[in-house]
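A short worksheet on the structure shown next.
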Amino acid sequence: MSSDVMATHTAQISTDRTWLQTLHEWATTVDHKRLGILYILLALLFLVIGGIEATIMRIQLMRPHNDFVSPQVFNRMFTMHGTTMIFFVIMPVMFGFANYLVPLMIGARDMSFPRLNAFSFWLTALGGILLYFSFVGGSGLYGAGNAPDVGWWAYAPLTSRAFSPGHSTDYWTIALLVSGFGSIGTGINLIATILSMRCPGMTLSRMPLLAWLNLVMAGLVLISITPLSAAQIMLLVDRYLGGHFFDSQAGGSAALWMHFFWIFGHPEVYILVIPAFAFASEIIPVFSRKPIFGYPVMVGATVAIAFVSLSVWAHHMFSIGMSSYSNSFFVLTTMVIAVPTGIKIFNWLGTMWGGKIQFKIPMLFCIGFLFQFLIAGLTGIMQGAAPFDWQLTGSYFVVAHFHYVIVGGILFALFAAFYYWFPKITGRMLNETLGKLHFWLFLIGFHMTFDTMHIPGVLGMPRRIYTYEPGRGWDIWNLIVTIGAFIQGVAILVFVANLIFSYLRGPKAGNDPWDAWTLEWSVSSPPPAYNFASIPTVASRRPLWDQKHPEDPDSRYE
Amino acid sequence: MAEKHKTEWPVLVGRATGVFVLLGGILLAASLCNATAPSENAVPSIFEPHSTPAELIRHLSYFVLVITGLIFLVVFILLTYVIVKFRNKTLADGREPAQVYGSTQIELAWTIIPILIVVVLFLATARVIHAIQDARKPATAVEVTAIGHQFWWEFRYPALGIVTANELHVPVSDPAHPTPTFLKLLSADTDHSFWVPQLAGKTDLIPNRVNETWVDPQQTGIYFGQCAQYCGTQHAKMLLRVSVDSPEEFAAWVQAQKQPAKQDEKEIAGRHVFETTACINCHAVGGTNATGRFGPDLTHLMSRSTIASGAAENTPENLRLWIQNPDAIKPGSLMPAMKLSDNDLDALARYLEALR
Amino acid sequence: MSVFARPITQTPVAWTLPDRGTVGMASLIVAESAIFTIFVVAYLFYAGKSLTGPTPGEVLETPIFYTICLLSSSLTIHFASRFLERGKRGAFLGLWVLTIVLGALFLFGTGQEWHRLIYERGLTISTNLFGTTYYSLVGLHAFHVTAGLLMLSIVLLFGLAGRVGREQSDRVNVLSLYWHFVDAVWVVVFTVVYVVAR
């Protein structure tokens, strides 16, 4: 079989290189597949680090008045945990998958700007290193080494020189500014690739949903990361040039930072979740053996979500004392965005309806995603009702809500993507037994932690506190939350072990282990460096379906 | 045989998650049912309101919970049904199912119904927003100015000429003749948030901005809360204690607070220590030349049950510890360790303990 | 079923897609517009809110001449690009140099203005809210002009070495898009700072 010949040939080539040469190749690569893998590996590293930070917090909080860590360390933990998970785990891993898959799925040989691609990745990596260098490099009144401790939103004026002496805040600011430019580079690259590099016949309405959704995500990156960059430049002007953007003594406004931050912050969460929607939209159809239900509406709903997401930001600021009219406006836009989001859940259900559902590991994670994203969306609606939010915001309820979205929704979809595309990327299948263990352990741990976490929230426990008072009824719930965290930790270790073990010894995958329909499954696993021997021409949304079912091609029905 | 076992898994998935949801629901319900009376119950649950804003919020929250609960049930049932009904029974069957691409009618239906739900939710919410935020302040209202500091609360009653800290006293409000308390919220440094869940939703204290909130507690007792917007190292210990007093108790408290500091002649040594060390830079004692505003007003320190904004009980031992080594109680607070000799410390502590 | 290396269909299709350079530059412009928007919003939000110090009305002088310089440079670069498309290298180079000169004049004018404001009128970035927002907004724009001039100069060097011809006109067009953007931003900044919030 020619793919086996290819694989052996590649193997023969690699043994001729020293490890230093291999390292050099990877460090200087501009190949979208390798950069994709680098992004994913970076994200996995930071996932483990961020998880350790979370574990430290949970140990501290498992009983009241605990002294596992000092308040200063705890405050650095929640700041670093949030910053790491959002900017150095989820964003890079999504960029990684987009980088890897988009050119393959649209029949291209690489991204539009390969060198910009590499530059963007290394900027992100540099940002991550800078952020963590703060542990040793930050200095100031507290002595050697301190990481930022201002929360991942870095609200002014807590970040001013007066309240944050030393350089911890500067590490936060500059690390995110640098990686932000990397993200903008990737956004530009994705748009230029998707618009300018599609293979013949692949009109926009024939693109896989993953390409569409990454196009929308890239557009959001351009207009929402930039407000954060602007605000961070303003913060640096304040801290280093004596500026007064957020200086209350000079008439500056703390609320202005909040507005700028959340104008970034809300679309940011859609940047995180839209690629997760993309994974679900590719995987659920394959394991239901049906095309996605309502392709045009899925595209339209995503575009609608992107637009509306630019108008909801102040629902993070319901408690800051805006007028009742402003609050009502943001209630309306927040409720409105639930409509296209809910529609997508129904479309996924509609895809599964009447299908022949295969409960392979990617599908198990997708089902978890559906169920949990539904709940997350509903707790989001609860908080969209502003007066209800006046109780829930700033408490463990909102912490539970957004972890439900990010862990229960996004991370589950991400696990599905790993199990689904690992064979394509590495040429080997992930182990099924370990996969099931991973799924079950993580499901149990996730629910134990994040279902329970809603309760201390409604019982009055605020967030970002290093300890709490006994006798407020919060103790037992915090203990349960911590136990669940450990279970999730074990599950992650199982997952990492699976990745390593299967990469070395997993069974060979072949081109198309899942009997799927998009172009990446038409090339070898792993694909050759040039992706396609000759650029394909497509006539429908599922080119491989047309090939496998020439008597009933999709092109007849679209 | 092996295939039969495999097809059991998805059912188990559905059931297991359903069990968890049920468990979660039971736990939640259990936490909401608190049978003890409010004054003994230190659990600041948002579902145990004793003041109109918190009650309005609870009504709205029940409405929202019912609607979202129904949505959840419908979708959950559909999802479980789909998983069970359409799981692939015969792997050997090479035929693909019917390839359905969409359905305009169905998609229209599940667009229009959510839009209607959104309209209903929005209208219900807007009403409560106006009811709470645009409530008019009656002439009988008690006015308090709350100033957030790192990491304590300053409370001033401008009309009554009172300044105190950390423990707020308000009169109980009879619904027939309401005597609510309206609070102006200011900040001396970073962002804070005033949150006493049983009395009202939280409102932030933001520098350079005047916010307002109000409460009208209808049952006497002590209500707990704390700062709900991260403000720095000791955000966790910026606790709130609201004492809802009967009209007589409140009047008595106001009377006592209005007096200047009780000057006990026996404690002249302690007063000397207070007024010649750095204490007066930050603290005020009414009727003396201590007029510092950076730290809490100590005129009636002993009328409070806690010190350090609730971080410790107000006992002689804790008071001494706080003065000598505040980091032992609240590491990272802005109270400096005074490093007094034992004699000075004793004298000072006795002086402070006389400030009733 | 193996589908390795089998082309999907063989029928040739007429297939044109937007030029990736143009799309990339348009995307960059969108992103940069967002950054500028935030600085403009901050400027407008703080207009009239300074607690002390000079107000815009007291110290600002409308830079008519340097604005004309910058906006004309959009014209010169436009015609330079047209000449290059027709292969007229000489005219292209001449107009290109003129573009750079006009842009440099604008920068010089900005520097002159700032010198006057700082040394004669006492307005620095730390004086008050007006100072902070003014220098940040105009400075951000000047930074982008500088970056643009650098890129234009690189093209000039290549052009003088005889390496810029009709085949490079696409890339030159992409660069001139950036330059037009910089000029468009100045129209907005000028209107906000010297007209609206005076």
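A few notes on this one:
- All of B:P138, B:P207 fail the test of being touching a helix residue (DSSP H, G or I) at 6+ places or on another chain (Cβ under 8 Å) and either not basic (K, R) or not in a loop (DSSP other than H, G, I, E, B) (or both), apart from B:P207.
- Members of region A:235-252 that are within 7 Å of chain C (Cβ to nearest Cβ) and crowded, with 23+ Cβ neighbours inside 10 Å: A:G243, A:H244, A:F245, A:A250, A:G252
- Of all residues making up region A:258-282, the number that are within 10 Å of chain C (Cβ to nearest Cβ) and either open to solvent by less than 10 Å² (accessible area, probe 1.4 Å) or of a type in the set (G, A, S) (or both): 2
- Some residue of region A:355-363 being open to solvent by less than 10 Å² (accessible area, probe 1.4 Å), under 17 Å from A:S281 (Cβ atoms) and in contact with a Leu (Cβ under 8 Å, 6 or more places away or on another chain): no
- Among the residues of region C:79-137, the ones that are in contact with a His (Cβ under 6 Å, 6 or more places away or on another chain) and of a type in the set (F, W, Y) come to 0 in all.
- Scanning region A:412-452 for residues that are part of a loop (DSSP other than H, G, I, E, B) and open to solvent by 10 Å² or more (accessible area, probe 1.4 Å) returns A:M429, A:L430, A:N431.
- Qualifying residue in region A:205-227 (condition: over 27 Å from A:F113 (Cα atoms) and either facing chain C (nearest Cβ under 10 Å) or in contact with a Leu (Cβ under 7 Å, 6 or more places away or on another chain) (or both)): no
- Here is the figure for region A:48-91: residues that are more than 17 Å from A:R464 (Cβ to Cβ) and open to solvent by less than 30 Å² (accessible area, probe 1.4 Å) total 6.
- Residues (surrounded by fewer than 22 Cβ atoms within 10 Å (Cβ to Cβ) and outside any helix (DSSP H, G or I)) located in region A:200-233: A:P200, A:G201, A:T203
- Residue in region B:177-185 that is at the interface with another protein chain (Cβ under 8 Å from one of its Cβ atoms) and either under 30 Å from B:A311 (Cβ atoms) or at pLDDT 95 or above (or both) present: yes
- If you go through region C:13-53 and keep only what is at pLDDT below 90 and facing chain A (nearest Cβ under 8 Å), you end up with C:V13, C:W15.
- Matching residues, region A:454-493, being among the polar types (S, T, N, Q) and assigned to a helix (DSSP H, G or I): A:N478, A:T482, A:Q488
- Filter result (surrounded by fewer than 20 Cβ atoms within 10 Å (Cβ to Cβ) and over 17 Å from A:I292 (Cα atoms)) within region A:512-525: A:P513
- Yes/no for A:G294 being within 11 Å of chain B (Cβ to nearest Cβ) and at positive phi: yes
- Residues within region A:17-49 that are of a type in the set (S, T, Y), farther than 23 Å from A:F532 by Cβ and assigned to a loop (DSSP other than H, G, I, E, B), tallied: 2
- In the condition set (1) facing chain B (nearest Cβ under 9 Å); (2) among the aromatic types (F, W, Y); (3) assigned to a helix (DSSP H, G or I), A:Y503 is compliant with all but (1).
- The single residue among C:A184, C:A147, C:A197 that is open to solvent by less than 60 Å² (accessible area, probe 1.4 Å) and modelled with pLDDT under 95 turns out to be C:A197.
- Helices (runs of 4 or more DSSP H) completely within region B:223-292 that count 3 or more residues being more than 14 Å from chain A (Cβ to nearest Cβ) and surrounded by 20 or more Cβ atoms within 10 Å (Cβ to Cβ): B:268-276
- Residue check, A:T186 assigned to a helix (DSSP H, G or I), more than 10 Å from chain C (Cβ to nearest Cβ) and within 22 Å of the chain's Cα centre (by Cα): yes
- The listed residue being modelled with pLDDT of 95 or more and touching a Gly at 6+ places or on another chain (Cβ under 7 Å), out of B:V170, B:V196: B:V196
- Residues of region A:73-87 satisfying the condition of being among the aromatic types (F, W, Y) and in contact with a Leu (Cβ under 7 Å, 6 or more places away or on another chain): A:F87
- Test set (1) open to solvent by less than 10 Å² (accessible area, probe 1.4 Å); (2) without any contact (Cβ under 8 Å) to a residue 12 or more places away in the chain - C:G165 fails condition number: (2)
- The set of residues in region A:533-547 being facing chain C (nearest Cβ under 7 Å), outside any helix (DSSP H, G or I) and of a type outside the set (G, A, S) consists of A:P536, A:T537, A:V538.
- Of the listed requirements (1) touching a residue at least 12 places away in the same chain (Cβ under 8 Å); (2) assigned to a helix (DSSP H, G or I); (3) more than 16 Å from C:L71 (Cβ to Cβ); (4) not aliphatic (A, V, I, L, M), C:H141 misses just one: (3).
- Within region A:329-342, considering residues that are at the interface with chain B (Cβ under 7 Å from one of its Cβ atoms) and open to solvent by 10 Å² or more (accessible area, probe 1.4 Å), the one farthest from B:I71 (Cα to Cα): A:L332
- Yes/no for A:A255 being within 10 Å of another protein chain (Cβ to nearest Cβ) and surrounded by fewer than 24 Cβ atoms within 10 Å (Cβ to Cβ): yes
The values are calculated or read from the model by the stated rules, or taken from the named source; none is laboratory data. Remember, it's a predicted structure, so these values are computed and weren't measured experimentally. Ideal geometry is used to build each Cβ from the backbone, glycine not excepted, and the neighbour counts take in all protein chains shown. What goes into the accessible areas is simple: the full protein's heavy atoms, side chains included, and nothing from ligands, DNA or RNA. Shrake-Rupley method; radii C 1.70, N 1.55, O 1.52, S 1.80 Å.
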